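Down below is the structure, laid out as structure tokens.
The values are calculated or read from the model by the stated rules, or taken from the named source; none is laboratory data. Computed from a prediction, not measured in an experiment: that's the story for all the values here. Backbone-built Cβ (ideal geometry, glycine too); neighbour counts: all protein chains shown.
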Amino acid sequence: MSDSASTWVSTSMPYLKPRENGRPDAWSAEAAARGGKGTQRIAHAGEVPAPPDVADLLGIVAGDPVVVRRRIIELDGEPCELTDTYYPCDIARGTPLAETGKIRGGAVTLLARLGHIGVRVREDVTARMPDADEREILHLTSDEPVLRLSRVTLDREDRPVQADMMVMPARRQQLRYEIRIG
């Protein structure tokens, strides 16, 4: 793709594996490796009714309670992604996933410590125009599309343990998928 410094090439793999003790979360590490500072602000954490698309991913009924962590992902202080991560209540209720504090090593690391290790992931990427809130938070013009990546992470029993809904400016992103066969 483009050689432009404004295009971010991202792979999902670092975000799916638990981190070793003392290691920063995947986003902070990825940004630092590229000479930037990756941070995130937790806009909300707690129980909400599952939206229909999230309910489909988690295999529950729309409106059932789920725990969400709504985050604004930033690179060098500028918003570059909006991410809502949803968890079944029986996994996340009463844990740091339901709180606004930073989770040492990231949520995937905490999930692993709680006994929930993802072994399979399904992602869908679509393009669309942003809504007014997304446009404002991501500092987009009215004619800029976004990419929406939805991801569900499943454990060894094929049970969904996490669903992510990410929105990012299309012009700043290149998603890369590497698949090992055999």
Filter region 44-60 down to residues that are touching a residue at least 24 places away in the same chain (Cβ under 8 Å), of a type in the set (G, A, S) and surrounded by 15 or more Cβ atoms within 10 Å (Cβ to Cβ) and give me whichever is farthest from T95 (Cα to Cα). A50
Has region 61-71 got any residue that is surrounded by 13 or more Cβ atoms within 10 Å (Cβ to Cβ), over 15 Å from the mean Cα position of the chain (by Cα) and within 18 Å of L110 (Cα to Cα)? yes
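Can you find a residue that is outside any loop (DSSP other than H, G, I, E, B) and either touching a helix residue (DSSP H, G or I) at 6+ places or on another chain (Cβ under 6 Å) or among the polar types (S, T, N, Q) (or both) anywhere in region 51-64?
no
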Consider E74 carefully, then state whether it is among the charged types (D, E, K, R), within 16 Å of the chain's Cα centre (by Cα), at pLDDT below 95 and outside any helix (DSSP H, G or I). yes
Does any residue of region 127-150 turn out to be under 22 Å from P65 (Cβ atoms) and at pLDDT 90 or above? yes
Inspect all residues belonging to region 83-100 and state whether any of them is surrounded by fewer than 16 Cβ atoms within 10 Å (Cβ to Cβ), under 13 Å from Q162 (Cα atoms), in contact with a Leu (Cβ under 9 Å, 6 or more places away or on another chain) and touching a residue at least 24 places away in the same chain (Cβ under 8 Å). no
Test for R122: is it loosely packed, with under 14 Cβ neighbours inside 10 Å, basic (K, R) and assigned to a strand (DSSP E or B): yes
Considering each of D131, D76 in turn, give the residue that is touching a Gly at 6+ places or on another chain (Cβ under 6 Å) and under 23 Å from L175 (Cα atoms). D76
Filter region 101-111 down to the residues that are in contact (Cβ under 8 Å) with a residue 24 or more places away in the chain and surrounded by 15 or more Cβ atoms within 10 Å (Cβ to Cβ) and list them by number. I103, G105, G106, A107, V108, T109, L111
